[in-house]
Amino acid sequence: MTQERPRFSIVAPAYNEEEVLPEFYRRVRDVMDALGEPWELILINDGSRDNTLAVMRELHEKDPRVKIISFSRNFGHQLAITAGLDYAQGNAVVIIDADLQDPPEVIPELIEKWREGYDVVYAVRKERRGESWFKEWTAKLFYRLIYRITDVDIPKDTGDFRLMDRKVVETLRTLRERNRFMRGLSVWVGFKQTGVYYVREPRFAGETKYPFRKMLKFALDAITSFSYVPLQLATYFGFAIAGVSMVGMVVVVILRLTTGRALLGQATTLVAVLFLGGIQLIFLGIIGEYLGRIYDEVKARPLYIVAETLGFDEEEQKPRVRTVEPVQER
Ligand code: UDP
Ligand code: MG
């Protein structure tokens, strides 16, 4: 079945979002239909354990503009987005969360800016609703830290909710790094960028798929892929501690020569040794974070494995990263 080539692609990753998807589809459809141009909605099933895939299939049956990429297991939010970008056909591609925290009604504003000539239009949260103070506080801290220690000016308080021009998407497709921080990469590529403010709503249903463990991994991925500052810290600490101990040595010698007394204290020694031991272990750990990621890259495994796709035009839309060819007969 050949369809009209979509002008807009909406990319939404979903992991266990069965309760949200029908409402999400309805709101996206209403917004996009009002624009009066062909569009596609690419849903990525990131190895959900609930009925997400079945719900997606139903939506596709009803509306062939809904297309599905289903992963063989959970590969994570950032890789789900990556797959969506790999398959998207539109001249402008919008990344949006499926849980309706990013209101689809903001999409026309993003498109408006795109029409004005911007290539990346990111949505900035001016307010977050219905999230725990812990999430809000850690997120704030994270965005400020990232902003300070990286060379790319990743705008504060922006998630993955953004619109990207086709040429930006094509550029992003050439970046195949593994531990990816998409919102950093989409700034790193350059082009004309701007922001639009919006209010982040509470989740429509279900609960966050980002427990603390995943948040931490996400933060470490972001920092390690855009900054060497943590590695350089070891050098600064080294110089500082060496400097202090140098002064200490002189003081000890002078005290000994002038007063004839040596400094006493096992406790002091113990504290100093433990302190240094701790610092060294921390930096070993930091090196480990980078080393593990280098190892990941060297292995060069595919970023994600697609178990099946639905709704894509095989001729025109040859998937770029097809890793599993389904067996016809068993
Ligand atoms: N998500 C995903 N794979 C994951 C975790 C999350 O595809 O492993 C999706 C999720 O279904 C949602 C989006 O990524 O559409 C954002 O996740 P979530 O809302 O749980 O994160 P939060 O908004 O709480 O930071
Ligand atoms: Mg959410």
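Ile294 fulfils the conditions (1) modelled with pLDDT of 90 or more; (2) open to solvent by less than 60 Å² (accessible area, probe 1.4 Å); (3) among the aliphatic types (A, V, I, L, M) except for a single criterion, (2). Screening the candidates Trp133, Trp137 for the property of being open to solvent by 40 Å² or more (accessible area, probe 1.4 Å) and within 19 Å of the chain's Cα centre (by Cα) yields one hit, Trp137. Taken over region 11-39, the criterion of being open to solvent by less than 20 Å² (accessible area, probe 1.4 Å), within 12 Å of ligand 1 (Cβ to nearest atom) and not charged (D, E, K, R) is satisfied by Val11, Ala12, Pro13, Ala14, Val20, Leu21, Phe24.
Summed over region 72-89, residues that are open to solvent by less than 10 Å² (accessible area, probe 1.4 Å) and not in a helix (DSSP H, G or I) total 1. For region 109-126, the condition of being part of a loop (DSSP other than H, G, I, E, B), more than 15 Å from ligand 1 (Cβ to nearest atom) and either of a type in the set (Val, Ile, Thr) or under 20 Å from the mean Cα position of the chain (by Cα) (or both) holds for at least one residue. Residues in region 40-57 that are of a type outside the set (Val, Ile, Thr), surrounded by 24 or more Cβ atoms within 10 Å (Cβ to Cβ) and not in a helix (DSSP H, G or I): Glu40, Leu41, Leu43, Asn45, Asp46. The residues in region 58-67 that are open to solvent by less than 30 Å² (accessible area, probe 1.4 Å) and assigned to a loop (DSSP other than H, G, I, E, B) can be counted, and the count is 1.
So that you can scan it fast, the table gives a plain yes or no per residue for (1) open to solvent by 10 Å² or more (accessible area, probe 1.4 Å); (2) within 16 Å of ligand 2 (Cβ to nearest atom):
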| position | (1), (2) |
| --- | --- |
| Asp102 | no, yes |
| Thr158 | no, yes |
| Leu163 | no, no |
| Arg166 | yes, no |
| Thr171 | yes, no |
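From the set of residues in region 206-226 that are away from ligand 1 (no atom under 11 Å from the Cβ) and loosely packed, with under 15 Cβ neighbours inside 10 Å, which is farthest from Leu291 (Cα to Cα)? By that ranking, first place goes to Phe212. For the criterion of being free of Cβ contacts under 8 Å to residues at least 40 places away in the same chain, more than 16 Å from ligand 2 (Cβ to nearest atom), over 21 Å from Gln193 (Cα atoms) and not small (Gly, Ala, Ser), Glu112 fails. Scanning region 173-203 for residues that are without any contact (Cβ under 8 Å) to a residue 60 or more places away in the chain and surrounded by fewer than 16 Cβ atoms within 10 Å (Cβ to Cβ) turns up Thr174, Leu175, Gly190. Just one of (1) hydrophobic (A, V, I, L, M, F, W, C); (2) open to solvent by less than 40 Å² (accessible area, probe 1.4 Å); (3) under 20 Å from the mean Cα position of the chain (by Cα) fails for Leu145. It is (2).
The values are calculated or read from the model by the stated rules, or taken from the named source; none is laboratory data. These figures come from a predicted structure and were not determined experimentally. Ideal geometry is used to build each Cβ from the backbone, glycine not excepted, and the neighbour counts take in all protein chains shown. When the accessible area is computed, the model is the full protein with side chains, heavy atoms only, and any ligands, DNA or RNA have been set aside. Shrake-Rupley method; radii C 1.70, N 1.55, O 1.52, S 1.80 Å.
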